[in-house]
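First up is the structure itself, then whatever we jot down about it.
The values are calculated or read from the model by the stated rules, or taken from the named source; none is laboratory data. Model, not experiment: these values are computed from the prediction. Note that we place each Cβ from the backbone using ideal geometry, even for glycine, and neighbour counts take in every protein chain shown. Note: accessible area is taken over every heavy atom of the protein model, side chains too, but ligands, DNA and RNA are not part of it. Shrake-Rupley method; radii C 1.70, N 1.55, O 1.52, S 1.80 Å.
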Amino acid sequence: MLFPKLARAFTRKSHKAENKRERTIQGNFRIPLPEGSQIPQGFPKRVFHGEVLLHFSGKKILSPVNGVASLSTDQRHFEIKQDGTWSTDSLFQTKTYDWDSLLSAFDEGAIYSLDLEGISLKDYFLSFSSEAEIQIILSPFCRSQHLNFEELIQNSMADAFALFKDLLPTLFPKAELSNFFNNKDLVYSHPMGIPEFFVHKTKGVSVSSAKKKINEFKILYLGAETVYHILRKLYFGESFTKRHLSVFLVDRKGRMDTVPRQFYLTNGQSLAFIPKNLDTRYKIASFQSFFESVETSDIDSLGYFNIYEHFSLTFYERLPVRRKEFICIECGECNVYCPTHANPLALVQGKNYEFLREQCVSCGICTVYCPSGIDIRHRILKEKNLITVKS
(Lines give C-alpha, C1' and ligand atoms only; values in the text may rest on other atoms or scores of the structure.)
Protein backbone atom coordinates (compact mmCIF):
# COMPACT_ATOMS: atom_id res chain seq x y z
CA MET A 1 0.00 0.00 0.00
CA LEU A 2 1.41 3.37 -0.99
CA PHE A 3 0.61 6.43 1.01
CA PRO A 4 2.08 9.95 0.92
CA LYS A 5 3.64 11.55 3.93
CA LEU A 6 1.62 14.28 5.58
CA ALA A 7 2.58 17.19 3.34
CA ARG A 8 4.45 20.22 4.59
CA ALA A 9 4.35 23.35 2.48
CA PHE A 10 7.38 24.84 0.83
CA THR A 11 8.13 27.10 -2.12
CA ARG A 12 10.88 26.50 -4.63
CA LYS A 13 12.25 29.34 -6.70
CA SER A 14 13.90 26.96 -9.14
CA HIS A 15 10.70 25.68 -10.71
CA LYS A 16 10.10 26.51 -14.31
CA ALA A 17 7.33 29.07 -14.74
CA GLU A 18 4.27 27.21 -15.96
CA ASN A 19 1.86 28.76 -18.38
CA LYS A 20 -1.41 28.47 -16.47
CA ARG A 21 -3.45 28.92 -19.65
CA GLU A 22 -4.86 25.87 -21.36
CA ARG A 23 -2.90 24.74 -24.38
CA THR A 24 -4.37 24.91 -27.84
CA ILE A 25 -6.59 21.88 -28.26
CA GLN A 26 -6.04 19.97 -31.45
CA GLY A 27 -6.00 16.29 -32.27
CA ASN A 28 -7.72 13.34 -30.62
CA PHE A 29 -9.92 13.19 -27.54
CA ARG A 30 -10.63 9.97 -25.70
CA ILE A 31 -13.61 9.52 -23.35
CA PRO A 32 -14.45 6.26 -21.54
CA LEU A 33 -17.91 4.75 -21.84
CA PRO A 34 -19.63 4.44 -18.42
CA GLU A 35 -19.41 0.95 -16.94
CA GLY A 36 -22.54 -1.05 -17.72
CA SER A 37 -23.66 1.12 -20.63
CA GLN A 38 -24.66 -0.42 -23.94
CA ILE A 39 -22.41 0.11 -26.92
CA PRO A 40 -23.97 2.94 -28.92
CA GLN A 41 -24.73 2.55 -32.61
CA GLY A 42 -24.20 4.85 -35.54
CA PHE A 43 -20.49 5.54 -35.13
CA PRO A 44 -18.34 6.89 -36.66
CA LYS A 45 -20.19 10.12 -37.30
CA ARG A 46 -19.69 13.87 -37.31
CA VAL A 47 -20.44 15.54 -33.99
CA PHE A 48 -20.58 19.10 -32.72
CA HIS A 49 -19.48 20.64 -29.45
CA GLY A 50 -22.10 19.79 -26.79
CA GLU A 51 -23.82 17.07 -28.82
CA VAL A 52 -24.93 14.02 -26.81
CA LEU A 53 -22.74 10.97 -27.45
CA LEU A 54 -24.35 8.74 -24.83
CA HIS A 55 -27.11 8.98 -22.22
CA PHE A 56 -26.82 6.38 -19.48
CA SER A 57 -28.25 6.16 -15.97
CA GLY A 58 -28.91 9.90 -15.72
CA LYS A 59 -25.45 10.82 -16.99
CA LYS A 60 -24.87 12.41 -20.38
CA ILE A 61 -21.59 12.25 -22.23
CA LEU A 62 -21.24 15.27 -24.50
CA SER A 63 -18.87 15.82 -27.37
CA PRO A 64 -16.17 18.20 -26.12
CA VAL A 65 -15.30 19.50 -29.61
CA ASN A 66 -16.43 19.65 -33.21
CA GLY A 67 -15.12 16.67 -35.12
CA VAL A 68 -15.59 13.04 -36.08
CA ALA A 69 -16.45 10.60 -33.29
CA SER A 70 -15.86 6.86 -33.43
CA LEU A 71 -15.53 3.95 -31.02
CA SER A 72 -12.16 2.57 -30.02
CA THR A 73 -11.18 -0.91 -31.17
CA ASP A 74 -12.13 -2.39 -27.80
CA GLN A 75 -15.39 -0.36 -27.89
CA ARG A 76 -14.74 1.02 -24.42
CA HIS A 77 -13.96 4.61 -25.42
CA PHE A 78 -15.21 7.36 -27.67
CA GLU A 79 -12.46 8.76 -29.85
CA ILE A 80 -13.10 12.20 -31.31
CA LYS A 81 -10.79 13.74 -33.85
CA GLN A 82 -11.18 17.49 -33.80
CA ASP A 83 -11.49 19.13 -37.18
CA GLY A 84 -13.13 22.42 -36.33
CA THR A 85 -12.96 25.33 -33.91
CA TRP A 86 -15.45 26.88 -31.53
CA SER A 87 -15.58 29.89 -29.26
CA THR A 88 -14.64 29.31 -25.63
CA ASP A 89 -15.08 32.96 -24.57
CA SER A 90 -18.76 32.92 -23.71
CA LEU A 91 -20.13 36.23 -22.49
CA PHE A 92 -22.36 36.74 -19.48
CA GLN A 93 -26.05 36.93 -20.36
CA THR A 94 -28.83 37.99 -18.03
CA LYS A 95 -31.51 35.31 -18.29
CA THR A 96 -34.62 34.41 -16.36
CA TYR A 97 -35.67 30.85 -15.62
CA ASP A 98 -38.70 29.04 -14.33
CA TRP A 99 -38.86 25.42 -13.15
CA ASP A 100 -39.19 23.87 -16.60
CA SER A 101 -36.57 26.01 -18.33
CA LEU A 102 -34.10 25.42 -15.49
CA LEU A 103 -34.47 21.65 -15.73
CA SER A 104 -34.17 21.88 -19.49
CA ALA A 105 -30.90 23.83 -19.13
CA PHE A 106 -29.53 21.28 -16.65
CA ASP A 107 -30.44 18.46 -19.02
CA GLU A 108 -29.03 20.16 -22.11
CA GLY A 109 -25.81 21.08 -20.35
CA ALA A 110 -25.37 17.64 -18.71
CA ILE A 111 -24.80 19.41 -15.39
CA TYR A 112 -23.84 16.91 -12.74
CA SER A 113 -23.64 17.11 -8.95
CA LEU A 114 -20.00 17.20 -7.93
CA ASP A 115 -21.00 16.96 -4.27
CA LEU A 116 -23.22 13.86 -4.32
CA GLU A 117 -21.97 10.98 -6.42
CA GLY A 118 -24.02 9.47 -9.21
CA ILE A 119 -26.77 12.03 -9.80
CA SER A 120 -27.43 14.64 -12.46
CA LEU A 121 -28.63 18.09 -11.41
CA LYS A 122 -31.91 17.60 -13.27
CA ASP A 123 -32.66 14.38 -11.37
CA TYR A 124 -31.45 15.93 -8.13
CA PHE A 125 -33.78 18.94 -8.40
CA LEU A 126 -36.67 16.68 -9.44
CA SER A 127 -36.24 14.85 -6.13
CA PHE A 128 -37.55 17.94 -4.31
CA SER A 129 -41.12 19.20 -4.24
CA SER A 130 -41.40 22.89 -5.02
CA GLU A 131 -43.84 23.28 -2.11
CA ALA A 132 -41.78 21.35 0.43
CA GLU A 133 -40.28 23.11 3.44
CA ILE A 134 -36.70 22.15 2.65
CA GLN A 135 -33.34 23.72 3.41
CA ILE A 136 -31.16 24.98 0.56
CA ILE A 137 -27.48 25.22 1.43
CA LEU A 138 -24.95 27.03 -0.75
CA SER A 139 -21.51 25.99 0.43
CA PRO A 140 -18.36 27.97 -0.45
CA PHE A 141 -16.38 24.73 -0.47
CA CYS A 142 -16.26 21.81 -2.90
CA ARG A 143 -15.90 18.18 -1.91
CA SER A 144 -12.13 18.02 -2.41
CA GLN A 145 -11.42 21.78 -2.21
CA HIS A 146 -8.77 21.42 -4.92
CA LEU A 147 -9.49 25.00 -5.95
CA ASN A 148 -11.02 28.05 -4.26
CA PHE A 149 -14.24 28.18 -6.29
CA GLU A 150 -15.79 30.73 -3.93
CA GLU A 151 -13.09 33.22 -4.90
CA LEU A 152 -13.45 32.31 -8.57
CA ILE A 153 -17.21 32.91 -8.47
CA GLN A 154 -16.99 36.13 -6.46
CA ASN A 155 -14.29 37.60 -8.72
CA SER A 156 -15.61 36.71 -12.17
CA MET A 157 -19.22 35.53 -11.80
CA ALA A 158 -20.70 37.74 -9.08
CA ASP A 159 -23.63 38.94 -11.21
CA ALA A 160 -24.47 35.41 -12.29
CA PHE A 161 -24.32 34.18 -8.70
CA ALA A 162 -26.67 36.96 -7.58
CA LEU A 163 -29.19 35.97 -10.25
CA PHE A 164 -29.05 32.29 -9.26
CA LYS A 165 -29.34 33.11 -5.57
CA ASP A 166 -32.49 35.16 -6.33
CA LEU A 167 -33.85 32.38 -8.55
CA LEU A 168 -33.85 29.67 -5.87
CA PRO A 169 -36.63 31.19 -3.66
CA THR A 170 -38.89 31.45 -6.71
CA LEU A 171 -38.44 27.73 -7.36
CA PHE A 172 -38.84 26.72 -3.71
CA PRO A 173 -40.95 29.45 -2.04
CA LYS A 174 -41.19 27.60 1.29
CA ALA A 175 -37.52 26.73 1.50
CA GLU A 176 -34.99 28.15 3.94
CA LEU A 177 -32.01 29.42 1.94
CA SER A 178 -28.64 29.46 3.70
CA ASN A 179 -25.94 31.15 1.65
CA PHE A 180 -22.49 30.66 3.20
CA PHE A 181 -20.55 32.41 0.44
CA ASN A 182 -18.50 35.38 1.61
CA ASN A 183 -18.79 34.24 5.22
CA LYS A 184 -15.61 35.44 6.91
CA ASP A 185 -16.14 33.10 9.86
CA LEU A 186 -15.81 30.00 7.67
CA VAL A 187 -12.27 28.79 7.03
CA TYR A 188 -11.72 25.58 5.11
CA SER A 189 -10.14 22.56 6.73
CA HIS A 190 -10.61 18.98 5.65
CA PRO A 191 -13.31 17.55 5.59
CA MET A 192 -15.46 20.72 5.38
CA GLY A 193 -16.14 20.00 1.70
CA ILE A 194 -18.06 16.80 2.48
CA PRO A 195 -21.77 17.75 2.49
CA GLU A 196 -22.89 16.04 5.70
CA PHE A 197 -19.90 17.37 7.62
CA PHE A 198 -20.47 20.92 6.37
CA VAL A 199 -24.13 20.74 7.45
CA HIS A 200 -23.04 19.32 10.79
CA LYS A 201 -20.65 22.22 11.43
CA THR A 202 -22.84 25.05 10.15
CA LYS A 203 -26.26 23.89 11.30
CA GLY A 204 -25.32 22.34 14.61
CA VAL A 205 -26.85 18.91 13.87
CA SER A 206 -25.17 15.54 14.15
CA VAL A 207 -23.42 14.08 11.13
CA SER A 208 -25.90 11.19 11.05
CA SER A 209 -28.84 13.60 11.11
CA ALA A 210 -27.30 15.73 8.36
CA LYS A 211 -26.65 12.64 6.26
CA LYS A 212 -30.24 11.48 6.74
CA LYS A 213 -31.70 14.85 5.73
CA ILE A 214 -29.53 14.96 2.61
CA ASN A 215 -30.44 11.38 1.63
CA GLU A 216 -34.14 12.00 2.26
CA PHE A 217 -34.04 15.18 0.13
CA LYS A 218 -34.84 17.53 2.98
CA ILE A 219 -31.65 19.46 2.27
CA LEU A 220 -30.72 20.65 -1.21
CA TYR A 221 -26.95 20.93 -1.02
CA LEU A 222 -24.92 22.79 -3.63
CA GLY A 223 -21.15 23.04 -3.18
CA ALA A 224 -19.04 25.72 -4.81
CA GLU A 225 -17.77 23.66 -7.76
CA THR A 226 -21.29 22.50 -8.60
CA VAL A 227 -22.51 26.11 -8.35
CA TYR A 228 -19.70 27.20 -10.66
CA HIS A 229 -20.82 24.83 -13.41
CA ILE A 230 -24.48 25.75 -12.88
CA LEU A 231 -23.61 29.40 -13.45
CA ARG A 232 -21.49 28.55 -16.49
CA LYS A 233 -24.49 26.89 -18.11
CA LEU A 234 -27.31 29.19 -17.04
CA TYR A 235 -25.62 32.53 -17.70
CA PHE A 236 -22.70 31.78 -20.00
CA GLY A 237 -24.15 28.97 -22.12
CA GLU A 238 -21.33 26.52 -21.33
CA SER A 239 -22.22 22.83 -21.04
CA PHE A 240 -20.32 20.49 -18.71
CA THR A 241 -17.48 19.55 -21.02
CA LYS A 242 -14.66 21.19 -19.05
CA ARG A 243 -13.43 21.05 -15.48
CA HIS A 244 -10.55 22.41 -13.41
CA LEU A 245 -7.59 20.17 -12.65
CA SER A 246 -5.26 21.22 -9.85
CA VAL A 247 -1.65 20.06 -10.04
CA PHE A 248 0.50 19.57 -6.93
CA LEU A 249 4.23 18.89 -6.61
CA VAL A 250 5.83 16.90 -3.79
CA ASP A 251 9.60 16.76 -3.33
CA ARG A 252 11.80 13.88 -2.12
CA LYS A 253 11.17 14.77 1.52
CA GLY A 254 7.39 14.71 1.15
CA ARG A 255 7.00 18.50 1.11
CA MET A 256 4.42 20.13 -1.13
CA ASP A 257 5.20 23.10 -3.34
CA THR A 258 2.93 26.04 -2.49
CA VAL A 259 2.82 27.50 -6.02
CA PRO A 260 -0.77 27.10 -7.34
CA ARG A 261 -1.21 25.31 -10.66
CA GLN A 262 -4.67 24.96 -12.16
CA PHE A 263 -5.75 24.02 -15.64
CA TYR A 264 -9.26 24.31 -17.07
CA LEU A 265 -9.34 21.23 -19.27
CA THR A 266 -11.68 19.68 -21.79
CA ASN A 267 -13.12 16.21 -21.27
CA GLY A 268 -11.03 13.64 -23.10
CA GLN A 269 -8.06 15.96 -23.54
CA SER A 270 -4.60 14.39 -23.41
CA LEU A 271 -2.70 15.14 -20.21
CA ALA A 272 0.70 14.65 -21.81
CA PHE A 273 1.38 18.40 -21.98
CA ILE A 274 1.42 18.85 -18.18
CA PRO A 275 4.63 16.94 -17.27
CA LYS A 276 6.39 18.56 -20.21
CA ASN A 277 6.03 21.89 -18.41
CA LEU A 278 7.41 20.63 -15.10
CA ASP A 279 10.91 20.13 -13.83
CA THR A 280 12.30 16.78 -14.98
CA ARG A 281 12.90 15.67 -11.37
CA TYR A 282 9.23 14.61 -11.11
CA LYS A 283 8.84 11.00 -12.24
CA ILE A 284 5.70 9.65 -10.54
CA ALA A 285 2.08 10.84 -10.70
CA SER A 286 -1.18 10.06 -8.92
CA PHE A 287 -4.80 11.21 -9.14
CA GLN A 288 -5.47 10.35 -5.48
CA SER A 289 -5.59 12.88 -2.65
CA PHE A 290 -3.35 12.88 0.42
CA PHE A 291 -6.09 11.16 2.42
CA GLU A 292 -6.26 8.10 0.17
CA SER A 293 -4.02 5.21 -0.75
CA VAL A 294 -1.99 6.25 -3.76
CA GLU A 295 -2.17 4.46 -7.10
CA THR A 296 0.85 5.67 -9.00
CA SER A 297 1.57 5.87 -12.69
CA ASP A 298 4.47 6.96 -14.83
CA ILE A 299 4.22 10.60 -15.91
CA ASP A 300 4.42 9.52 -19.54
CA SER A 301 1.24 7.42 -19.27
CA LEU A 302 -1.27 9.79 -17.68
CA GLY A 303 -3.82 9.19 -20.40
CA TYR A 304 -6.77 11.50 -20.94
CA PHE A 305 -8.70 13.89 -18.73
CA ASN A 306 -11.99 12.56 -17.32
CA ILE A 307 -14.26 15.32 -15.97
CA TYR A 308 -16.20 12.86 -13.80
CA GLU A 309 -13.14 11.45 -12.04
CA HIS A 310 -10.18 13.83 -12.28
CA PHE A 311 -9.86 17.01 -10.23
CA SER A 312 -6.35 16.84 -8.81
CA LEU A 313 -3.04 15.44 -9.99
CA THR A 314 0.03 15.09 -7.79
CA PHE A 315 3.57 14.68 -9.08
CA TYR A 316 6.25 13.14 -6.88
CA GLU A 317 10.02 13.27 -7.16
CA ARG A 318 10.13 9.69 -5.97
CA LEU A 319 7.70 6.87 -5.24
CA PRO A 320 5.56 7.71 -2.18
CA VAL A 321 6.32 5.91 1.04
CA ARG A 322 5.18 2.30 1.10
CA ARG A 323 3.36 2.05 4.39
CA LYS A 324 3.89 -1.11 6.34
CA GLU A 325 1.16 -1.82 8.83
CA PHE A 326 2.36 -2.56 12.34
CA ILE A 327 0.34 -3.72 15.30
CA CYS A 328 -1.91 -1.09 16.84
CA ILE A 329 -0.25 0.45 19.90
CA GLU A 330 -3.60 1.75 21.17
CA CYS A 331 -2.35 5.32 21.29
CA GLY A 332 -5.80 6.61 20.34
CA GLU A 333 -4.46 9.13 17.80
CA CYS A 334 -7.12 8.08 15.28
CA ASN A 335 -9.87 8.94 17.75
CA VAL A 336 -8.18 12.17 18.81
CA TYR A 337 -8.03 13.49 15.25
CA CYS A 338 -11.37 12.07 14.06
CA PRO A 339 -13.45 15.20 13.32
CA THR A 340 -16.76 13.42 13.94
CA HIS A 341 -15.79 11.28 16.97
CA ALA A 342 -16.82 8.11 15.12
CA ASN A 343 -14.46 5.91 17.16
CA PRO A 344 -12.35 4.48 14.29
CA LEU A 345 -10.14 2.76 16.88
CA ALA A 346 -12.95 0.24 17.36
CA LEU A 347 -12.41 -1.09 13.82
CA VAL A 348 -8.71 -1.61 14.48
CA GLN A 349 -9.47 -3.45 17.71
CA GLY A 350 -12.04 -5.69 16.01
CA LYS A 351 -14.94 -4.11 17.91
CA ASN A 352 -16.88 -3.16 14.80
CA TYR A 353 -20.10 -2.85 16.79
CA GLU A 354 -18.59 0.13 18.64
CA PHE A 355 -17.72 1.98 15.44
CA LEU A 356 -20.19 4.83 14.82
CA ARG A 357 -20.50 4.36 11.08
CA GLU A 358 -23.31 6.91 10.69
CA GLN A 359 -21.05 9.55 12.23
CA CYS A 360 -18.12 8.71 9.96
CA VAL A 361 -17.61 10.67 6.72
CA SER A 362 -14.72 8.50 5.41
CA CYS A 363 -12.40 11.51 5.34
CA GLY A 364 -9.20 9.49 5.90
CA ILE A 365 -7.76 11.70 8.65
CA CYS A 366 -7.46 8.71 10.98
CA THR A 367 -5.22 6.91 8.50
CA VAL A 368 -2.93 9.92 8.03
CA TYR A 369 -2.21 10.22 11.74
CA CYS A 370 -1.91 6.53 12.59
CA PRO A 371 1.72 6.00 13.76
CA SER A 372 1.44 2.26 13.06
CA GLY A 373 0.69 2.87 9.39
CA ILE A 374 -2.72 1.17 9.54
CA ASP A 375 -4.99 2.06 6.64
CA ILE A 376 -8.05 2.67 8.79
CA ARG A 377 -9.93 4.36 5.95
CA HIS A 378 -9.70 1.14 3.95
CA ARG A 379 -11.28 -0.73 6.86
CA ILE A 380 -13.97 1.93 7.11
CA LEU A 381 -14.89 1.59 3.45
CA LYS A 382 -14.98 -2.19 3.84
CA GLU A 383 -17.22 -1.87 6.91
CA LYS A 384 -19.56 0.41 4.96
CA ASN A 385 -19.55 -2.02 2.01
CA LEU A 386 -18.24 0.75 -0.24
CA ILE A 387 -15.43 -1.42 -1.58
CA THR A 388 -14.95 -5.09 -2.32
CA VAL A 389 -11.86 -6.51 -0.68
CA LYS A 390 -10.21 -9.64 -1.95
CA SER A 391 -9.50 -12.24 0.71
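A few notes on this one:
- Residue identified as of a type in the set (Val, Ile, Thr) and open to solvent by less than 10 Å² (accessible area, probe 1.4 Å) among Val227, Val259: Val227
- Here Arg281 qualifies as at pLDDT below 90, surrounded by fewer than 19 Cβ atoms within 10 Å (Cβ to Cβ) and over 25 Å from the mean Cα position of the chain (by Cα).
- When Gly364, Gly373 are checked against the criterion of being more than 30 Å from Pro64 (Cβ to Cβ), open to solvent by less than 30 Å² (accessible area, probe 1.4 Å) and modelled with pLDDT under 90, a single residue qualifies: Gly373.
Yes/no per residue for (1) touching a Lys or Arg at 6+ places or on another chain (Cβ under 8 Å); (2) of a type in the set (D, E, K, R); (3) over 15 Å from Glu292 (Cβ atoms):
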| residue | (1), (2), (3) |
| --- | --- |
| Thr340 | no, no, yes |
| Arg357 | yes, yes, yes |
| Tyr369 | no, no, no |
| Ser372 | no, no, yes |
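For (1) assigned to a loop (DSSP other than H, G, I, E, B); (2) under 20 Å from His310 (Cα atoms), each residue gets a yes or a no:
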site: Ile61; (1), (2): no, yes
site: Val68; (1), (2): no, no
site: Gln75; (1), (2): yes, no
site: Glu79; (1), (2): no, yes
site: Ser90; (1), (2): yes, no
site: Asp100; (1), (2): no, no
site: Ser104; (1), (2): no, no
site: Glu117; (1), (2): yes, yes
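- Candidate set: region 28-39, residues that are in a loop (DSSP other than H, G, I, E, B) and at pLDDT below 90; chosen: the one most open to solvent (accessible area, probe 1.4 Å): Glu35
- Checked against the criterion of being in a helix (DSSP H, G or I) and among the aliphatic types (A, V, I, L, M), the candidates Val205, Val199, Val187 yield just one match: Val199.
- Matching entry among Glu196, Glu176 (being in contact with an Asp or Glu (Cβ under 8 Å, 6 or more places away or on another chain), charged (D, E, K, R) and touching a residue at least 40 places away in the same chain (Cβ under 8 Å)): Glu176
- Residues of region 146-169 satisfying the condition of being without any contact (Cβ under 8 Å) to a residue 60 or more places away in the chain and either under 15 Å from Leu102 (Cβ atoms) or charged (D, E, K, R) (or both): Glu151, Lys165, Asp166, Leu168, Pro169
- If you go through region 303-345 and keep only what is at pLDDT 95 or above, open to solvent by less than 40 Å² (accessible area, probe 1.4 Å) and outside any loop (DSSP other than H, G, I, E, B), you end up with Cys334, Leu345.
- Selection status of Lys242, closer than 30 Å to Ala69 by Cβ, among the basic types (Lys, Arg), open to solvent by 10 Å² or more (accessible area, probe 1.4 Å) and under 16 Å from the mean Cα position of the chain (by Cα): yes
- Test result for Thr96, modelled with pLDDT of 95 or more and either polar (S, T, N, Q) or assigned to a loop (DSSP other than H, G, I, E, B) (or both): yes
- Inside region 199-227, residues that are without any contact (Cβ under 8 Å) to a residue 60 or more places away in the chain and not charged (D, E, K, R) make up a count of 5.
Conditions tested, residue by residue: (1) touching a Cys at 6+ places or on another chain (Cβ under 7 Å); (2) more than 29 Å from Val247 (Cα to Cα).
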{"position": "Tyr112", "(1), (2)": "no, no"}
{"position": "Ile119", "(1), (2)": "no, no"}
{"position": "Tyr124", "(1), (2)": "no, yes"}
{"position": "Ser127", "(1), (2)": "no, yes"}
{"position": "Gln145", "(1), (2)": "no, no"}
{"position": "Phe149", "(1), (2)": "yes, no"}
{"position": "Ile153", "(1), (2)": "no, no"}
{"position": "Ala162", "(1), (2)": "no, yes"}
{"position": "Asp166", "(1), (2)": "no, yes"}
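- Positions within region 181-193 being closer than 23 Å to Phe291 by Cβ and either crowded, with 18+ Cβ neighbours inside 10 Å or touching a strand residue (DSSP E or B) at 6+ places or on another chain (Cβ under 9 Å) (or both), in sequence order: His190, Pro191, Met192, Gly193
- Selection from region 129-176 of residues that are aliphatic (A, V, I, L, M), at pLDDT 95 or above and either assigned to a loop (DSSP other than H, G, I, E, B) or exposed (fewer than 15 other Cβ atoms within 10 Å of the Cβ) (or both): Ile134, Met157, Ala158, Ala162, Ala175
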